[in-house]
1. Take the conditions farther than 30 Å from MET34 by Cα, modelled with pLDDT of 95 or more and not hydrophobic (A, V, I, L, M, F, W, C) and apply them to ARG199. Does it pass?
2. Considering only residues that are part of a loop (DSSP other than H, G, I, E, B) and touching a Phe, Trp or Tyr at 6+ places or on another chain (Cβ under 9 Å), look in segment 368-398 and name the one that is farthest from LEU329 (Cα to Cα).
3. For residues that are assigned to a helix (DSSP H, G or I) and without any contact (Cβ under 8 Å) to a residue 60 or more places away in the chain, tally how many sit in segment 336-367.
4. Going residue by residue through segment 63-86, is there one that turns out to be in the same structural domain as PRO276 (by TED's automatic domain parsing), at pLDDT below 95, surrounded by fewer than 20 Cβ atoms within 10 Å (Cβ to Cβ) and on the phi < 0 side of the Ramachandran plot?
5. Search segment 70-86 for residues that are more than 15 Å from ARG288 (Cα to Cα) and pair each with any residue that is among the charged types (D, E, K, R) when their beta-carbon atoms are under 6 Å apart and the residues are at least 6 apart or on different chains.
Amino acid sequence: MSNNQKKPISGGNPFQRLRDQLEGIEPALEPITMTIGEPKHEPPSLFMDVLVENKAGFRKYPPIHGTPEFRAAIGSWLKARYGLDAAFDADKSVIPLNGSREGLVFACVSARDYLKKDVETPAVLLPNPFYQSYGAGAHMAGAEEILLPEQGTGILPDLDVLDPALLDRTIAFYFASPANPQGTVAPMTYWKQLIGLARKHNFLIFADECYSEIYRETPPTGVLEAASAMDGTLSHVVSFNSLSKRSNLPGLRCGFAAGDPEFIQFFANFRNIAAPQVPLPAQALAVRAYADEDHVVENRRLYNEKYAAAEEILSPLFGSVMNDGGFFLWLDVSRWGGGVATAEKLWREAGVKVLPGAYIASDMPEGFNPGADYIRLALVDSLDTSREAFNRIVTCLE
């Protein structure tokens with residue numbers, strides 16, 4: 001493999017690229033930042049009590065497989081959320097993670113070693129735009145990164161055009177539903193087709209489902225749900241999720257991987273020498289959080305209020321801005337010169353900081369960047385602040 005192939009395709013940290021772009025520009029109005037998907041809604045105060053009650057756990061090294069209580073809590077939640085049958089064994093199919101990101105990265109290395117494909121250059125498939133950690137995982141595994149373009153909203157990578165020879169050397173297929181940034185949700189039929197390909201060509205699906213509980217109306221279908229519906233097993237699929245978005249606890253760094261029991265145990269053994277364990281108090285908090293849905297319903301309501309405001313204010317200029325899940329807006333700004341130019345204009349003239357779509361996508365071999373015409377807005381601030389930002393955007397661009 002060439003050195004060029006081994007490099008991550010992200011083009012660097014998107015937020016650093018934006019800082020470099022905007023350096024020295026003074027905004028005309030008080031800044032509103034809509035770049036980073038860092039939840040700002042208040043988590044329930046009772047969660048903090050759990051940390052205090054379990055503070056003695058900070059004096060212990062946690063088991064890499066997590067506590068029995070943690071695994072049971074995740075198992076109960078997955079069964080309720082996705083209709084998994086009683087045969088689902090959380091002790092074999094669930095492990096804790098320090099947030100989903102580190103799991104998504106380390107899992108790719110484990111996929112390479114677990115599958116032991118006899119190929120010179122393994123491949124990893126990624127959507128484009130994509131979460132940069134997917135590229136980091138492929139880089140660490142020494143794999144070739146294959147980009148699957150997703151232009152606009154509601155368009156999923158076309159599975160029918162994938163070369164069987166490529167799939168034969170694939171070790172992992174990263175896929176997010178709801179997608180970041182487009183908010184696209186994969187239907188059951190799509191999941192089943194993808195799972196069928198994974199089993200036929202022997203690769204792992206890494207389903208990034210951290211936005212699974214932030215949706216407009218209908219709960220998104222999950223990869224475990226689809227796999228179980230096919231034949232009752234979780235072969236070749238892994239779901240990654242966390243408390244960051246669901247429970248507004250990004251700083252806790254607590255999540256999980258769940259799925260194919262053989263891979264999960266292999267992955268846990270690798271993590272036992274390569275990755276940090278999740279602190280016991282964080283696991284105790286997760287047990288409490290996954291047993292409570294009221295705060296999740298309220299969290300979703302707050303996001304949907306902001307989507308309703310965005311639809312009211314922005315749709316006359318952009319058309320409908322609604323999507324099925326997540327908390328981002330993915331706006332086509334090609335009329336104003338594309339994402340990079342529009343981000344600079346909005347910052348200079350309106351004081352609204354947004355992320356150019358090109359910074360979370362990568363150039364395709366054909367030369368185009370599927371994010372170039374877009375900007376991403378994270379709806380993490382209050383409703384009032386969000387409405388102010390929407391109105392400024394309209395005034396600036398109208």
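The values are calculated or read from the model by the stated rules, or taken from the named source; none is laboratory data. Here the structure is a predicted model, which means the values were calculated and not measured. Neighbour counts run over all protein chains shown; Cβ positions are idealised from the backbone, glycine included.
1. Working: farther than 30 Å from MET34 by Cα: yes; modelled with pLDDT of 95 or more: yes; not hydrophobic (A, V, I, L, M, F, W, C): yes.
Here the answer is yes, as ARG199 does meet what is asked.
2. Looking only at segment 368-398, we keep the residues that are part of a loop (DSSP other than H, G, I, E, B), and these are 368-373, 379-382, 398.
If we keep only those that are touching a Phe, Trp or Tyr at 6+ places or on another chain (Cβ under 9 Å) too, we end up with 371, 379-380.
Values: GLY371: 13, LEU379: 8, VAL380: 11 Å.
Residue satisfying both the conditions and the ranking: GLY371.
3. Restricting attention to segment 336-367, the residues satisfying the condition of being assigned to a helix (DSSP H, G or I) are 336, 339-350, 357-360.
Subsequent filtering for residues that are without any contact (Cβ under 8 Å) to a residue 60 or more places away in the chain retains 339, 341-342, 345-346, 358.
Result for segment 336-367: 6.
4. Here is the first cut: in segment 63-86, the residues in the same structural domain as PRO276 (by TED's automatic domain parsing) are 63-86.
From what is left, the residues that are at pLDDT below 95 are 85-86.
Keeping just the survivors that are surrounded by fewer than 20 Cβ atoms within 10 Å (Cβ to Cβ) gives 85-86.
Next, from what is left, pick out any that are on the phi < 0 side of the Ramachandran plot: 85-86.
Looking for residues that are in the same structural domain as PRO276 (by TED's automatic domain parsing), at pLDDT below 95, surrounded by fewer than 20 Cβ atoms within 10 Å (Cβ to Cβ) and on the phi < 0 side of the Ramachandran plot, one finds at least one in segment 63-86, hence yes.
5. So the pair list comes out as TYR82/GLU225.
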